[in-house]
Each structure stands twice: as structure tokens, then as C-alpha cells.
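Novice: Mind looking over this structure? Questions follow.
Values quoted throughout were computed directly from the atomic coordinates according to the rules given, and no laboratory measurement underlies them. Nothing here was measured: the structure is a model prediction, and the numbers come from that model. Every residue, glycine among them, receives a Cβ derived from its backbone with ideal geometry; neighbour counts consider all protein chains shown.
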Amino acid sequence: MLHLYYHARNTLFSRKGCGSVTFSNPEAGIYVPAGGDAMGALAATTYLCVGAHPDDIEIMAYGPISRCFGTGRFTGVTVTDGGGSPRTGLYSQVSDAQMKKIRATEQNTAARLGGYAAQVNLAWPSGGVKDPANRVLTGELKALFLAAAPETIYTHNLADKHMTHVAVAMHVIRAVRELPAGSRPRLIGMEVWRGMDWLCDGDKIVEDTSARPNISAALLGVYDSQISGGKRYDLATQGRRLANATFFASHAVDACESAAFGLDMTPLVHDENLDPAAFIAGHIERFRAEVENCVRAFINS
């Protein structure tokens, strides 16, 4: 097992995407669960997930994690340092500095249990992530995308209720838009702080999360600082996935036992003139129209 950290002046060069990665924050680093070269691990990536906080990856991207289990083709990127998380009980007296270390360790443990190719921790404070003028973070993500050249990137959806999550999604969109036009990956926005069952069914991407429920539980369970600290993300995530699977189709048997919903945001990276706010508002309007039409079918009959 190899734990690699590279500071701001260090640059890593990719074998696959002909890119390089430079970190701005001294706490940032790449963890390679299987050991070996960090850039080689990135180059093996097929699916990459960018999450705002430690545990967001495991909440929203278990579908690709389970598909890649045992193959070393999944890479996680956690943007924030996790220092401002709420805490109580055993963790009530833990300082922000201590919490950052705890949450980074938990994230890396999840990467090891999930068999990730690599786990990248960018260690940004939330305030820096939410700064629209922060082009440095966008540049770091672009460099990682060039180095890994994934086929698909998962991140937060634009209707998420957590501002840091939306900010991360916007940085991801900006970074992918800066990639060469012919090498831009598919981009999928997933649910965390707001479920996506409201999407019209034709707009939903359904990620089957039924495989290896023991691994799913283990990945969520390593975040003891959150669970014992007062947030049962483990139970809530599993409950949402079970509900998604059952309530997806009213007139058919369940196609899977557990599911996560996503939204294809790829149009935003192929059309640089497409307004992200208008894009998500369009999906909300389709949902509004669907509900209204259903009710008016009875009013007007």
C-alpha cells in the first residue's frame, strides 16, 4: 500500500492523457491503494467521480464503483478538506485540523475497500470552492481529467441543495469544457443532498446499486466521524436507493433491488454556450409541465 502526497511545486506527468497535475494545497495528495505509480493509477481510470466532501463519492457513485470492483478502473476525487463538518458525541471536541485528518483517512480507507485505482484529495476549504473566480481549482480538475482521460465523469447534479456541491459541479463543467473537443467525457450528475426522483422518467439515468451490498455498506460505514458524529448517511443512502428501485415503475416489478438516479449533463460540455442554469431549469419545467398535465387531464375531462 502506498500513500503519495505531492505539494504545490511538484508536478506529476501522465502516460495516458499527456497531462500533468500540480496541487495548490499542501495537504493535497493522491492515495494509490494497490501501491505503485500515481500517474499510472490515474491512467488506468475508466470512471472518475468528483465529490465535494469525503463520503460524497461513496454516496453518489456506488454504481460505477461496483462495476469496477476488482479491476482498478475507478478513481475518486474529493475537493474539500472536510474540516467544517457538523459533529457531536465522540467527535464533539475534535478541532477542524483534526477533523481534516480524520476525514482524509476515512476517504482513503473507502478507496482501499472499494479497490479504487486512485483517490485524489484536493484539500480545498469550502469557501474557496464556492468562489466563482477560483480558476486554480478548475485548472487542477482539468489537469486530472487530462491525466486520467476517463470515459465518464460523475459529479453532483445542478439541482443539489448544498451550495458546495453545486459549486463543485460548476468547476467540473468548466474544466471539461476546457478539454479538447474530441476528448470530452460523458458527464453525469448524481443525487446526494436532494433526491432525483422528481426528474421525469425519460430524463433519469438509473444506476443499479444492487451488487455486493456488503461492500456498499462497508464503504458508507467507514465514515465514523459522520455516523457517530450525528449524521446517519449510511442508513439514509441505503434507504433512498431501496426506495428508488421500488417506486421507479408503478406498473412493473422492480428491475433491481437498489438504484441511484442521475442526470446526463453531457450537453453542457459539448455546447459551451449552453447556460447551466437554463439547462437544469429546463428539466424542472418539464417536471412541472408533467404534473400539471396529469392534473388537468381530470379538470378538463
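Novice: Given 262, 222, 189, which one lies farthest toward the positive end of the charge dipole of segment 178-290, if we put +1 on the Cβ of every Lys and Arg and -1 on the Cβ of every Asp and Glu?
Specialist: Selected residue: 222.
Novice: Let me spell out the model: positive unit charges on the Cβ of Lys and Arg, negative unit charges on the Cβ of Asp and Glu, origin at the Cα centre of segment 215-277. What dipole size does that give, in debye rounded to 20?
Specialist: Numbers: 4 positive and 8 negative charges, 87 e Å.
Charge dipole, segment 215-277, about its Cα centre: 420 debye, nearest 20.
Novice: Kirkwood hydrodynamic radius, computed over distinct alpha-carbon pairs, for the chain: how many Å, to one decimal? Can you show the working numbers first?
Specialist: Details: mean 1/r = 0.0509 Å⁻¹.
For the chain, inverting the mean 1/r across all distinct Cα pairs yields 19.7 Å.
Novice: Which residue, 126, 250, 24, tops the fluctuation ranking in a GNM of the chain built on C-alpha contacts under 10 Å?
Specialist: Top of the fluctuation ranking is 250.
Novice: Listed highest first by mean packing, meaning other Cβ atoms within 10 Å per residue, what order do 241-249, 37-45 come in? Write down the numbers at each step before the final one.
Specialist: On the way: 241-249: 17.1, 37-45: 21.7.
Highest-to-lowest ranking by the protection proxy: 37-45, 241-249.
Novice: Tell me whether segment 147-209 comes out rounded, prolate or oblate; compute the Cα gyration tensor, take square roots of the eigenvalues as a ≥ b ≥ c, and use a/c under 1.5 as the rounded threshold.
Specialist: Working: a/c = 2.28, a/b = 1.46, b/c = 1.56.
Taking the square roots of the gyration eigenvalues as a ≥ b ≥ c, segment 147-209 is oblate.
Novice: Summing +1 for each Lys or Arg and -1 for each Asp or Glu, what net charge is found among the other residues whose Cβ lies under 9 Å from the Cβ of residue 123? Please report the intermediate quantities before stating the final value.
Specialist: Numbers: positive: 100; negative: 27, 81.
Local charge sum for residue 123: -1.
Novice: Another question, then. Compute a Gaussian network model of the chain, connecting alpha carbons closer than 10 Å, and tell me which residue from 275, 160, 208 fluctuates the most.
Specialist: Top of the fluctuation ranking is 275.
Novice: Shape call for segment 112-226 from the C-alpha gyration tensor, a ≥ b ≥ c root eigenvalues: rounded (a/c under 1.5), prolate (a/b greater than b/c) or oblate?
Specialist: Details: a/c = 1.36, a/b = 1.27, b/c = 1.07.
Because its axes are fairly even, with a/c under 1.5, segment 112-226 counts as rounded.
Novice: Roughly how compact is segment 220-292, stated as its Cα Rg over 2.2 N^0.38 Å to two decimals?
Specialist: On the way: Rg = 17.2 Å, N = 73, 2.2 N^0.38 = 11.2 Å.
Against the compact-globule rule of thumb, the ratio is 1.53.
Novice: Sequence gap at least 6, Cα distance under 8 Å: using those rules, report the relative contact order of the chain to the nearest whole percent.
Specialist: Once divided by the residue count of the chain, the mean separation gives 20 percent.
Novice: Restricting the count to DSSP beta bridges whose residues both fall in the chain, what percent are antiparallel, rounded to a multiple of 5?
Specialist: On the way: 18 of 36 bridges.
Around 50 percent antiparallel, to the nearest 5.
Novice: Which one of 178, 207, 106 has the biggest mean-square fluctuation once the chain is modelled by GNM with Cα springs under 10 Å?
Specialist: 178
Novice: Let me ask something else about it. Return the calculated 222 nm mean residue ellipticity for the chain, to the nearest 500 deg cm²/dmol, obtained by summing -39500 (n - 2.57) across DSSP H runs with n ≥ 4 and dividing by the residue count. List each step's numbers first, then the result.
Specialist: Details: 12 runs with 126 residues, N = 301.
About -12500 deg cm²/dmol.
Novice: Angle, helix 135-148 long axis vs. longest principal axis of the chain, Cα atoms, 0 to 90°, nearest 10?
Specialist: Helix 135-148 sits roughly 90 degrees off the main axis of the chain.
Novice: Is segment 13-151 rounded, prolate or oblate when judged by the Cα gyration tensor, a ≥ b ≥ c being the square roots of its eigenvalues, rounded requiring a/c under 1.5 and prolate requiring a/b larger than b/c?
Specialist: Oblate, because a/c is 1.5 or more while a/b does not exceed b/c.
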